[in-house]
Structures are given as C-alpha cells and as structure tokens.
Amino acid sequence: MARLERLAECTHPAHGVDAVIARMRALDRTWPHGDGVAVFNRVYVAVTQEVGRHVGAGAFPDAEAAATLGVRFAERYLAAVDAVAADRRPPACWRPLFQLRRHPGVRPLQFALAGINAHIGHDLALAVVDTCHSVGCEPADLEDEFDRVGDILVALEERVREELMPGPDVFQVADPLTHLLGSWSLERARDGAWSAARTLWTLRPFPGVAEELRERLDGAVGVVGRMLLTPLPD
C-alpha cells in the first residue's frame with residue numbers, strides 16, 4: 001500500500017518517457033550523422049520508444065515502475081551528455097565514447113556497443129537503485145520489469161549488430177571487428193548490472209563502501225568501453 005501511495009504522488013512516469021525521447025531526438029538534430037555519440041543516441045531512442053510502447057500496451061506487470069525505471073535509466077545518459085556540454089567530466093564509463101566520438105578508425109557498430117556497454121554496465125544498476133527510492137520498493141520488486149527491459153535491449157542489440165555490421169565484401173574490416181565485438185555480451189553485462197544493483201541497495205547503511213563500489217564499477221566499465229572502441233584499419 002505504501003508503494004502505491006508513493007506512486008500516486010509522482011508525476012505520471014509515462015509522460016517522462018515521452019520527454020526523454022523528445023530530448024534525445026533534439027540532440028540527434030544537433031550532432032553530425034557519423035558522430036559516435038549520435039550513433040548510440042539513435043539506438044537509444046529506439047530502445048526508449050520500445051519500452052514506451054510496451055508500457056502503453058500493458059506488457060509490464062507494473063507499468064508505473066517500468067516507466068520510472070526507463071526514465072531514471074535515460075536520465076543517467078542525458079546527465080553524461082550535459083556534463084560534456086558544460087565542459088565537465090562525465091562518468092568514466094562514458095569518457096571513451098565522448099573522447100573517440102569522431103575517430104575515423106572506429107566503426108559505427110563499435111560506437112553503438114560502447115554506448116550500450118556504458119549504459120548497461122554502469123547506469124542500469126544505478127537506475128534500479130534510483131527507481132527503488134522513487135517508488136518505495138526493493139530491487140526484488142523490480143525484477144520482472146528489469147528482465148523485460150533487458151529482453152528489449154537484447155532484441156535491439158541483435159538488430160543493431162545486423163544493421164551496422166560491415167557486409168561480406170569488406171573482410172579486412174569485418175574480421176577484426178567480429179573478433180573484437182565478440183568479446184562483449186549484453187546479457188552478461190545485464191546480469192552484472194542486476195547483481196550490482198542488489199549490492200548497492202544492500203550497502204545503503206554504508207555509504208562510503210557503496211560509493212567505492214560505484215567508482216570501481218564506473219572505472220571497470222570504462223576500461224571495457226575503451227577496448228570496444230579500439231581503432232581498426234581500413
């Protein structure tokens with residue numbers, strides 16, 4: 001009952017989904033098409049739209065919690081964008097993408113997956129904790145919503161790989177690219193995010209330890225992102 005009362009006091013999260021989609025579309029109009037952050041941004045617009053459609057269709061057990069999770073998740077990425085625009089350092093997980101966004105040796109698929117890595121590997125765990133605070137619940141109460149959002153991400157990642165992978169006529173590019181990107185798995189990153197979210201929630205009475213864990217998670221995901229953005233030969 002307390003959770004329902006907290007939800008009733010919040011603005012409707014579905015409206016927040018529309019707002020973050022509008023913000024990301026506006027960003028897309030300001031960046032060159034080949035900009036690495038723009039590549040990820042277009043992927044993420046599709047992800048957020050899909051979450052919004054599922055919320056509207058009643059596909060989530062708790063539509064309010066799912067929409068809140070979607071909004072809190074997007075806000076983490078948008079905060080990184082705002083930090084860079086204000087000449088501040090974004091979280092370590094996002095720095096490789098922003099630093100290499102215009103590198104001619106990095107392929108569009110690398111940009112897309114580096115952004116997904118930062119967002120899933122780091123931001124998703126923090127978004128779960130943010131959502132629990134917002135709606136007054138435990139991470140276990142969000143597990144169904146978390147899993148369904150994860151399923152949407154996996155399906156879209158497969159589509160992104162198909163659309164952005166070079167064709168069979170450019171084996172000199174596709175061979176190292178296939179080797180590089182085959183070392184990363186969205187499903188493993190999602191599992192890690194769930195474990196991190198539960199751990200961070202448990203560590204609420206120990207804010208110093210929780211902050212150290214967040215910093216280490218941020219740094220580790222950043223290292224993986226830098227690997228994914230290894231420039232490849234033409």
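The values are calculated or read from the model by the stated rules, or taken from the named source; none is laboratory data. Every value quoted in this text rests on a predicted model; they were computed, and no experiment measured them. All Cβ positions, glycine included, derive from the backbone under ideal geometry; neighbour counts span all protein chains shown. Areas reflect the complete protein model, heavy atoms only, side chains present, ligands, DNA and RNA absent. Shrake-Rupley method; radii C 1.70, N 1.55, O 1.52, S 1.80 Å.
Restricting VAL209, VAL223 to residues that are farther than 21 Å from PHE40 by Cβ and either at pLDDT 95 or above or surrounded by 18 or more Cβ atoms within 10 Å (Cβ to Cβ) (or both) narrows the list to VAL209.
Of the conditions (1) open to solvent by less than 30 Å² (accessible area, probe 1.4 Å); (2) at pLDDT below 80, PRO168 clears all except one; give me its number. Every condition holds for PRO168 apart from (1). Considering the conditions (1) closer than 26 Å to ASP144 by Cα; (2) among the β-branched types (Val, Ile, Thr); (3) surrounded by 21 or more Cβ atoms within 10 Å (Cβ to Cβ), VAL106 is excluded by exactly one of them, (1). Checked against (1) open to solvent by 30 Å² or more (accessible area, probe 1.4 Å); (2) at pLDDT below 95, LEU203 meets all criteria but (2).
I'm trying to understand the selection: among the residues of the range 187-234, which are part of a helix (DSSP H, G or I) and within 21 Å of ARG101 (Cα to Cα)? Can you show your working first?
Step one: filter the range 187-234 for residues part of a helix (DSSP H, G or I), giving 187-202, 207-228.
Hits for the range 187-234 are ASP218, GLY219, ALA220, VAL221, GLY222, VAL223, VAL224, GLY225, ARG226, MET227, LEU228.
Among the criteria (1) in contact with a His (Cβ under 8 Å, 6 or more places away or on another chain); (2) modelled with pLDDT under 95; (3) among the basic types (Lys, Arg), the one ARG76 does not fulfil is (2).
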